[in-house]
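The values are calculated or read from the model by the stated rules, or taken from the named source; none is laboratory data. This structure is a prediction, so every number in the text was calculated from the model and none was measured. Using ideal geometry, Cβ is built from the backbone for each residue, glycine included, and neighbour counts are taken over all protein chains shown. We work out accessible area using only protein heavy atoms, side chains counted, and drop any ligands, DNA or RNA first. Shrake-Rupley method; radii C 1.70, N 1.55, O 1.52, S 1.80 Å.
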Amino acid sequence: MVGEKSHLGVSEPLSLAFPTERDQILQTRLEPTLKKYDMYESRDVSLKRQKALQKLEEITKAFVYNVSIQNGMTPEQARSAGGKVMTFGSCRLGVQAANADIDAVCICPKHITRDTFFDGVCEMLKSQPEVTELTAIKESYVPLIKLKFHGIPVDLLCARVPLATIPDNLDLDNNSLLVSMNEKDIRSINGTRVADAILHLVPDAATFRIAVKCVKLWAIRRGIYSNIFGFLGGVAWAIMVARVCQLYPNACASTVVSKVFGIIVNWGWPLPVRLCDDEDGPALSTLQSWNPKRNATDRAHKMPIITPVYPTMCATHNMTNSTFRIVIGECKRAAQIMDKIMVGSKPWEALFESHSFFSNYLHYLQIVISSDDPSRQLRWTGLVESRLRHLLNKLEAIPGLALAHPYVDGFDNTYHCTSFEEVAAAAHGSGKKSDSATTKDGVMIYTRAFYIGLYFKLGPCELILPSSIYISWPISEFKKFVRGWEQYEDQHMSVIVRHLKRLVSTRYLSDFS
């Protein structure tokens, strides 16, 4: 708890009030509700995560050793080169749910190149019986390896630091390390540095963690938990909750949650949310701290939530006009529900009512990504998913389109095809489905479908939706953009974008239930 003479954050607290008996009762009801929704992991899952991280660090050190030997080092020098795996995101913050991914970064010494890492570590992971669904996505904003380890999804980054050896007690908070690092390496270690800084900047870590779990569950249930699709991701929601903790440093988690939504709605956006004043650091050739006075791109950010380490970055840079409006609308709704929860007229479950995305709109876009090989499909879907925000931005330029609302999850399916017609049908998201990963005859087609809800606000003279003329250009440009990927193979991959009406898309979605 925080005394009156000191405070965390860039401003004085709004209240130093301690929890009332009513606040404490609400918190005691919140935690069992969060457990009911699997927001706490079991001991077995926790042990699996630990084993996965230990194995990944063993592989990293073995890889660094092998490359060091190939580079002419002695066995002793190669062993001392080290290598380390560090978590970031929800695992680092201590807010992971039972089904959460493991976000981790492999820290490598300076003589390990990024290409060598991706090729070498992927080869070593292929030989591990615990590893499935392995793919390297080198073209993403932050390149990564995706895999499952004993069924637990893992996103694995690589960062080279300007050190000949990686000690077990490596301190990533040392800004001088950044001077000789390139942009991708800095972004790769930033997750760990940001998580550590957030925990140092909240008045009470236990209160913060309960509040983050609650807000995270709400955002997932309402379909607005995704950085890549232009909503707030885990880091942005954590920073937002941390800021409210700073403003109410003695409050319990139930009170913090009750304040979060109203603060988001009434914040003077694009005034940034910060947890601390900007930190000075060494001049970097590849990155600058977030500064809207100096950078036009930063000025364009709609809901800037700024990371608390040097160089500062905007955690919501993917936000569009549509996703901004959706987040504000959802927070208004949540604030009204929280008012009723706080006076006891509604239970916590009311906050976690699921979204109704597939009945909210009359018009949808369906994006079906397909290929004929599971490994190829993982790379292809990762590439297209990372570029969907470009389609969203182009859609928002359509006259009369008031909202382009992306659904944050994709729907995977597999089709068994024995003719060209069946392959074409599968590429459109229909056909003979298969539960088997292989087939003796024909070919397997793997698909992932994404959806965007469209709301048109037409003028009084526009009584009929001019759907094709409005949306054909952004769709064509998007397909051209993703097909320009250097690994794109027209004979093995496809991306189909279709305009669907509500009844059609609802019927299609029932196939996945």
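Given all pairs of different Cα atoms, what value in angstroms does the Kirkwood hydrodynamic radius of the stretch 57-108 take? Could you put the intermediate results ahead of the total?
Details: mean 1/r = 0.0812 Å⁻¹.
Radius from the Kirkwood sum: 12.3 Å.
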Where nothing but the Cβ of Lys and Arg (+1) and of Asp and Glu (-1) is charged, how large is the charge dipole of the stretch 1-131 around its Cα centre, in debye to the nearest 20? 220
Given all pairs of different Cα atoms, what value in angstroms does the Kirkwood hydrodynamic radius of the stretch 266-411 take? 18.8
In the stretch 73-169, which GluC sites (Glu not before Pro) are in a loop and have at most 16 other Cβ atoms within 10 Å, using DSSP for the loop call? E130, E139
Residue farthest toward the positive end of the dipole of the chain, with Cβ of Lys/Arg at +1 and Asp/Glu at -1: which of I337, A315, S68? I337
Helix-only estimate, please: 222 nm mean residue ellipticity of the chain, summing -39500 (n - 2.57) across DSSP H runs of length 4 or more and dividing by its residues, to the nearest 500. -13500 deg cm²/dmol
Distance in nm between pseudo-label sites at A205 and S345 (7 Å out along the Cβ direction from Cα): 4.0
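Write down, largest first, the equivalent ellipsoid semi-axes of the stretch 131-232 in whole Å, where each equals the square root of 5 times an eigenvalue of the alpha-carbon gyration tensor. Don't jump to the answer; show the numbers that get you there.
Working: eigenvalues 138, 95, 40 Å².
Semi-axes (√(5λ), whole Å): 26, 22, 14.
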Residue-span extension gain [D44 to E58] - 0.36 nm each, minus C-alpha spacing: 2.9 nm
Report, in debye and to the nearest 20, how large the dipole of the chain comes out about its Cα centre when Lys and Arg carry +1 and Asp and Glu carry -1 on their Cβ. 1000
Along Cα→Cβ, 7 Å out, is where each label goes; now give me the distance between the ones at T74 and I25 in nm to one decimal. 7.2
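How high is the relative contact order of the chain, in percent, with contacts defined as C-alpha pairs under 8 Å that are six or more residues apart? Provide the component values of the computation, followed by the final result.
On the way: 878 pairs, mean separation 72.9, N = 513.
Once normalised by length, the contact order is 14 percent.
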Take the residue pairs K51/K138; K440/K479; K61/K213; K146/K394; K55/K146; K35/K216 and return only those whose Cα atoms are more than 22 Å apart. K51/K138; K440/K479; K61/K213; K146/K394
Want the number for S15 to D412: 0.36 nm per residue separation, take away the alpha-carbon distance, what's left? 138.2 nm
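Using the Kirkwood radius built from alpha carbon pairs, what does the Stokes-Einstein equation give as D for the stretch 329-488 at 37 °C and 0.692 mPa s, in µm² per second?
Values: Rh = 18.5 Å.
Reported coefficient: 177 µm²/s.
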So D173 and H150, fully extended at 0.36 nm per residue minus their Cα-Cα distance, gain in nm 5.1 nm
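Go through the stretch 385-442 and name the trypsin sites (Lys or Arg not before Pro) that are in a DSSP coil and have 15 or fewer other Cβ atoms within 10 Å of their Cβ.
Details: sites: R387, R389, K394, K432, K433, K440; in loops: K432, K440.
Here the sparse-neighbourhood loop sites are K432, K440.
At a 10 angstrom cut-off on C-beta neighbours, averaged per residue, how do the peptides 371-383, 36-48, 408-420, 302-314 rank from highest to lowest? Walk me through the intermediate numbers first.
On the way: 371-383: 19.5, 36-48: 14.2, 408-420: 16.4, 302-314: 22.6.
Answer by packing, highest mean first, reads 302-314, 371-383, 408-420, 36-48.
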With a Förster distance of 22 angstrom and the Cβ-Cβ distance between N66 and H492, calculated FRET efficiency to the nearest 0.05 equals 0.10
Computed over the Cα atoms, what is the radius of gyration of the stretch 275-344 divided by 2.2 N^0.38 Å, N being its residue count? 1.50
Placing one equal point scatterer on each C-alpha of the stretch 380-445 and summing with Debye, one gets log10 I(q)/I(0) at q = 0.16, 0.21, 0.22, 0.25 Å⁻¹ equal to -0.71, -0.89, -0.92, -1.03
Which value in nm describes the separation of the simple spin-label points at S6 and T165, placed 7 Å from the Cα toward the beta carbon? 3.6
Averaged across orientations, what area in nm² does the convex hull of the alpha carbons in the stretch 25-101 project? 6.5
I'd like to know which of C417, L14, Q77 lies farthest towards the positive end of the charge dipole of the chain, counting +1 on Cβ of Lys and Arg and -1 on Cβ of Asp and Glu. L14
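Kindly report the accessible area of the stretch 301-360 per residue (heavy atoms of protein chains, probe 1.4 Å, no ligands, DNA or RNA), in Å². Let's see the in-between values first.
Working: 2230 Å² over 60 residues.
Per residue, the stretch 301-360 has 37 Å² of solvent-accessible surface.
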Take the Cα coordinates of the stretch 210-309, assign each an equal point scatterer, and use the Debye formula without solvent to give log10 I(q)/I(0) at q = 0.13 Å⁻¹. -0.52
Taking 51 Å as R0, compute the FRET efficiency from the Cβ-Cβ separation of Q128 and A397 and round it to 0.05. 0.65
Compactness check, the chain: C-alpha Rg relative to the 2.2 N^0.38 Å globular estimate gives 1.02
To the nearest 20 debye, what is the magnitude of the charge dipole of the stretch 188-305 about its Cα centre, counting +1 on the Cβ of each Lys and Arg and -1 on the Cβ of each Asp and Glu? 520
